[in-house]
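Visitor: Below is the structure I would like to discuss, written out as structure tokens.
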Protein chains: 2
Amino acid sequence: MKDVAARAGVGLKTVSRVVNEEAGVTPDTVARVQAAIEALGFRRNDSARLLRTRRTSSIGLVLEDVADPFYAALSRAVEDVARAHGALLFTGSSAEDPRREQELVLAFCARRVDGLVVVPASDDHRYLSPEIEAGVATVFVDRPAGHLDADVVLTDNAGGVRDGVAHLIAHGHRRIGFIGDQPGIHTAAERLRGYREAMAGANLPVGADWIAMGPTTPESVRAALGTMLSGPEPVTALLAGNNRVTVTAVRVLSGLPRPVALVGFDDFELADLLSPPVTVVAQDAPGLGRTAAQLLFRRLDGMAGEEPSRTELSARLIPRGSGEIPPSP
Amino acid sequence: MKDVAARAGVGLKTVSRVVNEEAGVTPDTVARVQAAIEALGFRRNDSARLLRTRRTSSIGLVLEDVADPFYAALSRAVEDVARAHGALLFTGSSAEDPRREQELVLAFCARRVDGLVVVPASDDHRYLSPEIEAGVATVFVDRPAGHLDADVVLTDNAGGVRDGVAHLIAHGHRRIGFIGDQPGIHTAAERLRGYREAMAGANLPVGADWIAMGPTTPESVRAALGTMLSGPEPVTALLAGNNRVTVTAVRVLSGLPRPVALVGFDDFELADLLSPPVTVVAQDAPGLGRTAAQLLFRRLDGMAGEEPSRTELSARLIPRGSGEIPPSP
DNA sequence: CCTGACCTTGACAACGTTGTCCATCTCTCG
DNA sequence: CGAGAGATGGACAACGTTGTCAAGGTCAGG
């Protein structure tokens, strides 16, 4: 910038004014400065700028894994909102590791991002209090923050599973299994709650073997399904608590002599190409990201003081075939 | 930092030394400073730091769309390499729009990223020359840069398609169709070249209707397939030039009375769950990202001066069923 | 007791920008 | 023609950090 000023024969501040398109500079001077900028290939250093303005126009996004289609869609939605507000996006994957989440968050804060969108991997976010007090707007998505009162945008997991189970019940099923992730994970616990509520709401008993919660490896899902299907009260339908479960279930069920109905939680690409096409309860990944990001920018634009909010987006049942299979005796 | 120094009763520079774990500070002083840091919740401002050190420890990644599984995987690989080098990652989606690509790249440069990984959307990257001369290491991935001599990491698109077509030929096919994207896109042109080479290499003629290049909407793919399958010399096999084509082809082919063999370019999730499972030529998305990022950091660590390099990663044929269907007369 | 080497510490400038404030110049109007 | 107003431009400090360098303190050896 110094060089530009020298070359154009004007003061430092005048160049700054031109760069920022501030008023009060003669068109003639503007032209001279712009020529110098062009000639020298000058580009403003935004980091130095931030030092004065205290706004970085960048936000940080921490999620579990960018490569996961669900988070990839969420990420894209956050990016679009950020772009609309003229902000850039730092992205980081926590890989479900609380330490990594904290590292990323603090690294973003050290870069002085204006705000954070976080998919929690940790269950204790007290480490964030000083940052939030220092003015870093923070919105949690997909799961609530731990021990911290902050904005959060969630899917109505329990409601979604309730709908899915109700759908199976409506198609005549009475013995319905549920396979979900470790109950320590908030979304998994919520989905289980939805299952229990739906069954209870229809006055249906839940068999001892009908629920399996734990790491959702193909092996464990296979084992759980085996138990459910071969016990004294074999299930005629399954609600799969996440994508990994759904995929394994499709494999197992397609090899069985008698059809078993299936509703998966979370949509996935090509679900409609399988045979039978898979009925799912779809979360609105872009919606989560968009809502969270919009909330973040509203906070940044003055809504800072208000009470933390909690938003729940509903999930949507998409019938495709596998969930409409009638019970086989 | 000033506050910390005051509270600990030491000089500014001493705090800086403690924060950066530099040698030459009494353990006693370190303890005092650390207590003050703790008490005040101090966090170093990395942006100010950069102003002095001229290293941001951050890199920019511009790709077509983070929500696309291929780029999501690439993105994750870049992130992992960046993390290993202690760098953070700015991500941006160009949405295949040259203007947006340039905006993103220049915004990253204004933030003074140490380096860039770019999946080109534009075909002219001369606007980047000043930045590169200013020291921003840049690596292009998936497609080469336009009018700019820079590092590039590619998939061997032509070779991959050659392998795919050869596979079909080896299974007895003589009339093979090819549907690809607009020939203006580098990867599409390369894949077409691979197809032609493979056919020529086997001394097979290419029918007038066997090649369709253009926007790969479901409608256009349906139309192209219809022509290929109903002409005087109907094809018995298809090489699908990208994922979108593959998916539409699966739908169309599954509804036909006689089986048609299919090899898709680019792997996709659940390809093995379809019936028949889809044989593909798989690109190594994480490999592209990893290689590009590693190259970037090698440049940053002193390899700066050397000649730009060009790396081609080979694609891998994964037989699953659809590509092994014999020709039906 | 003095000297010199070494260790610890702090003062100060610098990085590249913007905010504040004042100086100058050019009108316009009385 | 002079005064006031408005437009234009620039000097300087400040943002929060680190690099440079020199000051002071300690200790061992002569």
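The values are calculated or read from the model by the stated rules, or taken from the named source; none is laboratory data. None of the values given here were measured: they were computed from a predicted structure. Cβ coordinates were reconstructed from backbone atoms using ideal geometry, including for glycine residues, and neighbour counts include every protein chain displayed. Please note that ligands, DNA and RNA were not included when accessible areas were found on the heavy atoms of the full protein model with its side chains. Shrake-Rupley method; radii C 1.70, N 1.55, O 1.52, S 1.80 Å.
Visitor: When the dipole is taken about the Cα centre of the range A:9-152, and only Lys, Arg (+1) and Asp, Glu (-1) are charged at their Cβ, what size is it in debye, to the nearest 20?
Guide: Details: 17 positive and 22 negative charges, 212 e Å.
About 1020 debye.
Visitor: Once every Cα of the protein assembly as shown carries one equal point scatterer and solvent is ignored, give the base-10 log of I(q)/I(0) from the Debye formula at q = 0.05 Å⁻¹, two decimals.
Guide: Ignoring solvent entirely, the Cα scatterers give -0.29.
Visitor: Sticking with this structure for a sec: Would you mind getting me the FRET efficiency between A:E21 and B:D123? Use the beta-carbon distance for r and R0 = 30 Å, nearest 0.05. Before the final figure, lay out each step's value.
Guide: Values: r = 30 Å, r/R0 = 1.01.
Given R0 = 30 Å and the Cβ-Cβ separation, E is 0.50.
Visitor: Count the DSSP beta bridges whose two residues both fall in chain B, then state the antiparallel fraction as a percent rounded to the nearest 5.
Guide: On the way: 3 of 38 bridges.
Among the beta bridges of chain B, antiparallel pairing accounts for roughly 10 percent.
Visitor: With both partners inside the protein assembly as shown, how many of the DSSP beta bridges are antiparallel, as a percent to the nearest 5? Please report the intermediate quantities before stating the final value.
Guide: Details: 9 of 79 bridges.
Roughly 10 percent of the beta bridges in the protein assembly as shown run antiparallel, per DSSP.
Visitor: Remind me, relative contact order of the range A:2-44 in percent, using alpha carbon pairs under 8 angstrom and six or more residues apart? If you can, show how the numbers build up before the last one.
Guide: Details: 29 pairs, mean separation 19.3, N = 43.
For the range A:2-44, the relative contact order is 45 percent.
Visitor: Among A:L239, A:L256, A:L40, which one shows the biggest mean-square fluctuation in a GNM of chain A, springs joining Cα atoms closer than 10 Å?
Guide: With Cα springs under 10 Å in chain A, the top fluctuation among A:L239, A:L256, A:L40 is at A:L40.
Visitor: Could you give the dipole magnitude of the range A:84-213 about its Cα centre, charging the beta-carbon of Lys and Arg +1 and that of Asp and Glu -1, in debye to the nearest 20?
Guide: On the way: 12 positive and 18 negative charges, 88 e Å.
Charge dipole of the range A:84-213: 420 debye, to the nearest 20.
Visitor: Kindly report, to the nearest 10 Å², the accessible surface of A:K13 as traced by a 1.4 Å probe over protein heavy atoms only.
Guide: 110
Visitor: Right, here's the next one. Could you grab the relative contact order for the range B:115-204? Cα pairs under 8 Å, six or more apart, rounded to a whole percent.
Guide: Details: 108 pairs, mean separation 21.8, N = 90.
Answer for the range B:115-204 is 24 percent.
Visitor: I've got another one for you. How large is the Rg to Rh ratio of the range A:165-225 when both quantities use alpha carbon positions and Rh follows Kirkwood?
Guide: With Rh from the inverse mean 1/r over Cα pairs, Rg/Rh is 0.98.
Visitor: Which residue, B:R310, B:R52, B:R143, tops the fluctuation ranking in a GNM of chain B built on C-alpha contacts under 10 Å?
Guide: Among B:R310, B:R52, B:R143, the largest GNM mean-square fluctuation belongs to B:R52.
Visitor: Accessible area lost on pairing A with B, both sides, 1.4 Å probe, Å² to nearest 100? The partial results should precede the final answer.
Guide: Details: alone 16310 and 16340 Å², together 28300 Å².
Accessible area lost upon association: around 4300 Å².
Visitor: If you don't mind, there's one more thing I want to ask. Just to be sure I understand the model, the point goes 7 Å from the Cα along the line to the Cβ. What's the resulting A:N203 to A:R251 distance in nm?
Guide: 4.1
Visitor: Rounded to the nearest 500, what is chain B's calculated 222 nm mean residue ellipticity when only DSSP H runs of at least 4 contribute -39500 (n - 2.57) each, over all residues? Could you put the intermediate results ahead of the total?
Guide: Working: 12 runs with 142 residues, N = 329.
After summing the helix terms and dividing by residue count, I get -13500 deg cm²/dmol.
Visitor: When the Kirkwood radius is taken over all Cα pairs of the range B:47-175, what Stokes-Einstein diffusion coefficient follows at 4 °C and 1.567 mPa s, in µm²/s? Please list the in-between numbers first.
Guide: Values: Rh = 16.1 Å.
In µm²/s, the coefficient is 81.
Visitor: Here's another thing I want to ask about it. Express the accessible area of the protein assembly as shown per residue in Å², computed with a 1.4 Å probe while the remaining protein chains stay in the model.
Guide: Working: 28300 Å² over 658 residues.
About 43 Å² of surface per residue is accessible.
Visitor: Then there is this: Please report, in debye to the nearest 20, how large the charge dipole of the protein assembly as shown is about its Cα centre when each Lys and Arg carries +1 at its beta carbon and each Asp and Glu carries -1 there. Mind showing how you got there, number by number?
Guide: Values: 70 positive and 82 negative charges, 194 e Å.
The dipole of the protein assembly as shown has a size of about 920 debye.
Visitor: While we're here: State, in angstrom, two size descriptors of the range B:2-44 derived from its alpha carbons: Rg to one decimal place and Dmax to the nearest whole number.
Guide: 8.9, 24
Visitor: Given a Förster radius of 56 Å and the C-beta distance between A:D272 and B:E38 as r, what FRET efficiency does 1/(1 + (r/R0)^6) yield to the nearest 0.05?
Guide: It comes to 0.50.
Visitor: Separate question: Which distances, shortest first and in nm, link B:R52 to the matching position in the other copies, using label points set 7 Å out along Cα to C-beta?
Guide: For B:R52, the inter-copy label distances come out at 2.1 nm.
Visitor: Name the residue from B:G226, B:V206, B:A240 whose Cα lies farthest towards the positive end of the charge dipole of the range B:188-257, charges +1 on Cβ of Lys and Arg and -1 on Cβ of Asp and Glu.
Guide: Value: B:A240.
Visitor: What's the FRET efficiency of A:S314 with A:E103 using the Cβ-Cβ distance as r and R₀ = 56 Å, to the nearest 0.05?
Guide: For A:S314 and A:E103, the calculated efficiency is 0.95.
Visitor: Give, as a single signed number, the net charge of other residues whose beta carbon lies under 15 Å from the beta carbon of A:N20, with Lys and Arg counted +1 and Asp and Glu -1.
Guide: +4
Visitor: Could you give the distance between the Cα centres of the range A:102-161 and the range B:159-200, to the whole Å?
Guide: Using only Cα atoms to place each centre, the spacing works out to 48 Å.
Visitor: Where the label is 7 Å out from Cα toward Cβ, how close does B:H85 come to the same position in every other copy, in nm, shortest first?
Guide: 3.0
Visitor: Moving on. Toward the positive end of the charge dipole of chain B, about the Cα centre and with charges on Cβ (Lys, Arg +1; Asp, Glu -1), which of B:G60, B:F42, B:A145 goes farthest?
Guide: B:F42
Visitor: Rounded to the nearest 5, what is the percent of antiparallel bridges among the DSSP beta bridges in the range B:219-329? Working shown, then result.
Guide: Working: 3 of 10 bridges.
Expressed as a percentage, antiparallel bridges in the range B:219-329 total about 30.
Visitor: Now a separate question. Find, among the GluC sites (Glu not before Pro) in the range A:85-184, those assigned to loop by DSSP (not H, G, I, E, B) with at most 16 other beta-carbon atoms within 10 angstrom.
Guide: Details: sites: A:E96, A:E101, A:E103, A:E131, A:E133; in loops: A:E96.
Loop-located and lightly packed - A:E96.
Visitor: Then there's this: Debye calculation, C-alpha points only, no solvent: report log10 I(q)/I(0) for chain B at q = 0.08, 0.09 Å⁻¹, in the same order as the q values.
Guide: Computed log10 I(q)/I(0) values: -0.49, -0.58.
Visitor: Lys/Arg Cβ at +1, Asp/Glu Cβ at -1, dipole of chain A taken about the Cα centre: which of A:G289, A:V252, A:A5 is farthest positive-ward?
Guide: Towards the positive end, the residue furthest out is A:A5.
Visitor: Which whole-number percentage describes the relative contact order of chain B, with Cα contacts under 8 Å and a sequence gap of 6 or more? Working shown, then result.
Guide: Working: 596 pairs, mean separation 57.7, N = 329.
Once normalised by length, the contact order is 18 percent.
Visitor: For B:K13, list the lysines whose Cα falls under 27 Å from its own Cα; do not include residues on the same chain fewer than 8 positions away.
Guide: By straight Cα distance, B:K13 reaches B:K2.
Visitor: Put the label 7 Å from Cα along Cα→Cβ for A:K13; what are its distances to the other copies, in nanometres, shortest first?
Guide: Spacings between copies for this position, smallest first, are 3.3 nm.
Visitor: Need one word for the range A:66-130: rounded, prolate or oblate. Basis is the Cα gyration tensor (sqrt eigenvalues a ≥ b ≥ c); a/c below 1.5 gives rounded, then a/b vs b/c decides. Don't skip to the end; give the middle numbers.
Guide: Working: a/c = 2.24, a/b = 1.23, b/c = 1.81.
Verdict is oblate for the range A:66-130.
Visitor: Something else about it: Select from the range A:271-329 those GluC sites (Glu not before Pro) which occupy a DSSP coil region and have at most 11 other Cβ atoms within 10 Å, ordered by residue number.
Guide: Of the GluC sites (Glu not before Pro), the ones in loops of the range A:271-329 whose Cβ has at most 11 other Cβ atoms within 10 Å are A:E306.
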